[in-house]
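Notes follow the structure.
What follows is calculated from the coordinates using simple rules that are stated; it is not laboratory data. The shown structure was predicted, so the numbers you read here are calculated from the model rather than taken from an experiment. All Cβ positions, even for glycine, are placed from backbone atoms using ideal geometry, and neighbour counts span all protein chains on display.
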């Protein structure tokens, strides 16, 4: 019989293991005041995240490139820790990817955005600040 | 005391000409056009003011309706839970859903306030989360649920992002959050709209008022012109009649004076002369001689009085050269009343006849007043002049009167004197006081 300590260790490992495979993000600044960042998901997919000014707002664009079409991904965009938008999208096209764009309020101070997408246990999570 | 009316007492052709200066303002047509233009200006100004007020009121009413529509039909139904707590996700969702539907027409800014003055939403997202105390009117709207508005005070801190030239009109009303909390919904409109509304309100109104005034002017000017012409003709006809009446009166006076002079005066002069001659007869007793001398003197006094009367009834032909003699004759009335007189005339050479006539007429009136009312013992008549004007002074040492006392019926002669001088284009001054005599001064330009 597994001890309580062993169970707890397994549970934490199960939760943190996918995250361990999420590669560290690389951030860069574009030419038009936009900020980009990208990284790898827990599986074989990659994610990209971009934020740029849009007429007093911030347009946040998240992209998942899974190399396989037809996958249904559940995604979520958070703004300063609060869910701003969520939905489902299916990968497709020549790039076997999907992309979501949302306009966010440009609040006082630095705005932090999180893009999270899940498919069959594979988790993608990117963050960007603007 | 009496006053001779009109031109009485003056020789034909010597009437003081009552010339009315050619002042354009006296013309009724000019007065009408001026008054119309003035009315036009006042109407233009007043319609501008009233239309501005009406337009502001109308624009505010329009803004109220729009604000209520935006608040209750757009913002309130779309408001997500968490917005009033400042949840960024709720702000994003609300912003994405309603922004395009709120900033319609001339709406320039939207703010949604919590009761504590925190802005929970604005299209200017930098304002979200900031807190500015609500004023009394905003609090009143929040409590009552009414809709109010007015011109924005752009110097307030919450309006630091407003750069609209010409100002803003702000209108606020109450809405409710999904949590049931009252919020103040505020919409800002461009004040240019008010100006545009003013123009829209003013243009047709001005067209009507200006058109009506112009029509009145176009109709009134010819009518008034015709009426003025008729009045002028009537006035000239009346003047002609008056002149003829005066001339007739003059002719009658002249005839009476001539008859008296050629008849009674000559006979009295002859009789006085004969009495004087008879009185010198050596055969007469001293008593009879004294009687005859007395009668002769009485006749000569009567003769002098009669001559003065004749002068009054029909003055001699007056000119600068004869003014001294004419005044001497005039002062005969005073001499007959036992008043010693002295007459001096200087500096009137070349003075126009109408000026000389006026001087004589004023002297006549002043002497008459002195004889009848002054109880004087001495009278001075002095005429002086220069190249610019002629001056007359008639001074007595009589009882005088209070010149500052209110004008009464008994001062009719004085008023007549003033009227006479003013009609003749001169200036008169009367100085007097109880017990100090009276001095009448008159000056008239030689022109």
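Once the Cα atoms are used to define both axes, helix B:266-279 deviates from the longest principal axis of chain B by about 40 degrees. By how many degrees, 0 to 90 and rounded to 10, does the Cα axis of helix B:286-313 deviate from the longest principal axis of chain B? Roughly 30 degrees, rounded to the nearest 10. Inter-chain neighbour count for A:79-86: the average number of beta-carbon atoms from partner chains within 10 Å of each residue's beta-carbon is 6. Between residue B:439 and residue A:96, the simple label model (points 7 Å from Cα in the Cβ direction) yields a spacing of 13.1 nm.
Extension gain, residue B:49 to residue B:139, is 29.2 nm, computed as 0.36 nm per intervening residue step minus the present C-alpha separation. Taking the fewest neighbouring Cβ atoms within 10 Å as the starting point, the ordered list for B:154, B:268 is B:154, B:268. Under the rule a/c < 1.5 gives rounded, and otherwise a/b versus b/c splits prolate from oblate, where does region B:291-416 land using the Cα gyration tensor? Here region B:291-416 falls in the oblate category. Here A:91, B:66 are placed in order of increasing Cβ neighbour count within 10 Å, fewest first, which gives B:66, A:91.
Based on C-alpha pairs under 8 angstrom that are at least 6 apart in sequence, region B:311-447 has a relative contact order of 24 percent.
The ratio of the alpha-carbon radius of gyration of region B:106-228 to the globular-protein estimate 2.2 N^0.38 Å is 1.71. Each helix, a run of at least 4 DSSP H residues, gives -39500 (n - 2.57); summed and divided by the residues of chain B, these come to -17000 deg cm²/dmol at 222 nm. Relative to the current alpha-carbon distance between residue B:68 and residue B:165, full extension at 0.36 nm per residue lengthens the span by 32.4 nm. If the segment from residue B:85 to residue B:287 were pulled out straight at 0.36 nm per residue, it would be longer than the present Cα-Cα gap by 58.4 nm.
Note on residue A:120/residue A:52: beta-carbon distance plugged into 1/(1 + (r/R0)^6) with R0 of 30 Å gives a FRET efficiency of 0.45. Note on residue B:325 and residue B:247: their simple-model spin labels are 2.7 nm apart, each label 7 Å out from Cα toward Cβ.
As a size descriptor, the averaged projected area of the C-alpha convex hull of the protein assembly as shown was calculated at 54.4 nm². Computed from the Cβ-Cβ distance with R0 of 45 Å, the FRET efficiency linking residue B:226 to residue B:375 stands at 0.20. Treating only the Cα positions of chain B as identical point scatterers, give the base-10 log of I(q)/I(0) from the Debye formula at each q in 0.08, 0.09, 0.12, 0.14 Å⁻¹. Taking Cα atoms of chain B as identical point scatterers yields -0.68, -0.76, -1.05, -1.20. The peptide list B:232-241, A:47-56, put in order of mean Cβ contacts within 10 Å with the highest first, becomes A:47-56, B:232-241. The order of B:190, B:340, going from fewest to most other C-beta atoms within 10 Å of their C-beta, is B:340, B:190. Taking label positions 7 Å along the Cα-Cβ direction at both residue B:58 and residue B:218, the computed distance is 2.7 nm, reported to one decimal. Placing a label point 7 Å from the Cα of residue B:353 along the Cα-to-Cβ direction, no residue of region B:413-447 has its backbone N under 15 Å from that point.
The Cα trace of region B:224-286 gives Rg and Dmax of 26.3, 87 Å, the first to one decimal, the second as a whole number.
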